[in-house]
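> Sharing a structure with you now.
The values are calculated or read from the model by the stated rules, or taken from the named source; none is laboratory data. Please read these numbers as outputs of a predicted model, since none were measured by experiment. Heads up, the Cβs are rebuilt from the backbone with ideal geometry, glycines too, and the neighbour counts pull from every protein chain shown.
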Amino acid sequence: MDLRRLPFRARSRSGGLSRRALMGGALGSGAALAAAGLAQTAVQVSAALDPGPPQLREFVLTAAEFEWPVSSDTTVRVWGYNHQLPGPELRVREGDQVRVTLRNALPVPTTIHWHGVNVPPAMDGPAGLNQAPVPPGETFVYEFTARPAGTRWYHSHTDPALQIALGLYGPFIIEPRQPLRAFDREYTYLLQEWDLQLTPDVALGNAPPGAGDRLLRGGEFGADLFLFNGHAHDGITPIKLATGERVLIRLINAGNLPHAFHTHGHSFKIVATDGNPVPLGLEWVKDTVLIGPAERYDLEFVGDNPGVWMVHCHMEPHMANGMMTFIVYDGTVPTGPAAAYFDPTTGMFDTGHEHAMPAATTATISGATPPAAPAAPSATAAAPAGNSVTIAMVDDRFEPNQITVPAGTTVVWVNKGRDWHSVAAFDGSFESGRVGPGETFSARLDKPGVYQYLCKHHVLQGMTGQITVT
């Protein structure tokens, strides 16, 4: 039996959940999902999805306020479902009876709309038109038949300009009873921009809008970060696959801006639009697709070009401020300097964290690791013992990116760009956290050695540096 022809053998928003994991044991168990590597973006499955007659699928969604780490150095307050952003993936089969209990733990009323699903009017969710909003502390049960099949999603439809922007959305997948196509792995990416000035307190009227938001018109909000599955930069888990595998990517734009999703090293077929299948033989072949607000695209590509490849929004500010991850084949590493801090066991870039230090502090460094092969420098600099030397962080580069200094020198990194940056040693001996425009981070280097470091926000754009201490 060719297992690669079994439909949907792997489904994941963070790392390839196998068909065996889906079908074995208590499939709704959060512990089982965490063990499968999905704790970050868990998939909520109510029962095995083998062919058979329609079944009752039951879910509980609790809307609440909580803290969420969008990246390793940025945590925000959100309104979301089941303490995750986006909310849990609800996956059913076409024709199933769906029952979702909404528990409102927010301080404001809310409802859920089932985007792209043909439900009865009373189950559709727009507050005031189709139902009364669910008050704080109350529950409401949505019940409907799952149709049509395809990539759908759910989101708040009470004060949606605020509630969706704060995180009240999630994927809803209706599998067809007779699939047109089969895939080895499946990934779902929900795209959203994030306004750091929009907080729950602002939404409640307990705090004024931020200075930037006050300059916008028509209720529009700003965009400081751009998220894949509630994460930016190093928080995004990549697409992993083996050579020869067929991969499905489900794109859902939960934000208010268009995005240009682009894959390096691979073209893809558009096999569904807004969840509706494209007939066999009529697919478009592209490497970039522009997805507007609320739109969905299903993309298929074949793993025929092994390596580590970038995947990002081709609107450059969106990429620079979060929307970038990568495709990584089993057993491969980058061919450039990034190989020095790539972990092939996880398929992720990594630096040591055992000596990590908080942002905006001065670090005294007591050790260094042997050097890896350095990249060609763009410039060099030197400083006398006991003095300091400055390195500028200009967007996507350190200037200079290689320096030689005597022991006892304090190195000061100054952010002269428009975006956030960070400074992290490969061995974890120093780490700045987030350094905003105009901010600085400094470290005194006392022990001779070679220190390689990177910007964790822009390492995929080649933002690395090296300091030699003599």
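> If we only count strands (runs of 3 or more DSSP E) wholly inside region 102-181, which ones have 1 or more residues that are acidic (Asp, Glu) and farther than 25 Å from Val202 by Cβ? Please lay out each step first, then the result.
Numbers: elements: 112-115, 139-145, 150-156, 169-175.
Hits in region 102-181: 139-145, 169-175.
> Gly438: at positive phi, part of a loop (DSSP other than H, G, I, E, B) and in contact with a Ser or Thr (Cβ under 8 Å, 6 or more places away or on another chain), yes or no? Walk me through it before giving the result.
Working: at positive phi: yes; part of a loop (DSSP other than H, G, I, E, B): yes; in contact with a Ser or Thr (Cβ under 8 Å, 6 or more places away or on another chain): no.
For Gly438, the condition - at positive phi, part of a loop (DSSP other than H, G, I, E, B) and in contact with a Ser or Thr (Cβ under 8 Å, 6 or more places away or on another chain) - is not met.
> Shifting gears a bit: If you take the residues in region 70-103 that are polar (S, T, N, Q) and touching a strand residue (DSSP E or B) at 6+ places or on another chain (Cβ under 7 Å), which one is nearest to Val141 (Cα to Cα)?
My answer is Thr101.
> Then there is this: So Thr75 fits all but one of (1) out of contact with any Phe, Trp or Tyr (no Cβ under 8 Å at 6 or more places or on another chain); (2) at pLDDT below 95; what number is the exception?
(1)
Residues checked against (1) among the polar types (S, T, N, Q); (2) surrounded by fewer than 19 Cβ atoms within 10 Å (Cβ to Cβ); (3) in contact (Cβ under 8 Å) with a residue 12 or more places away in the chain; (4) within 25 Å of Met310 (Cβ to Cβ):
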site: Thr409; (1), (2), (3), (4): yes, no, yes, no
site: Asn415; (1), (2), (3), (4): yes, no, yes, yes
site: Phe430; (1), (2), (3), (4): no, no, yes, no
site: Tyr451; (1), (2), (3), (4): no, no, yes, no
site: Leu454; (1), (2), (3), (4): no, no, yes, yes
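> Can you tell me which of (1) at pLDDT 95 or above; (2) at negative phi is the one Val70 doesn't meet?
All conditions are met except number (1).
> Now for a different question. Of the conditions (1) at pLDDT 85 or above; (2) over 16 Å from Ile467 (Cα atoms), Asp350 satisfies every one except a single condition; which number is it?
(1)
> Next question, about the same structure. For residues in region 103-151 being buried (at least 21 other Cβ atoms within 10 Å of the Cβ) and in contact with a His (Cβ under 6 Å, 6 or more places away or on another chain), which is modelled with the lowest pLDDT?
For region 103-151, the residue satisfying everything is Gly125.
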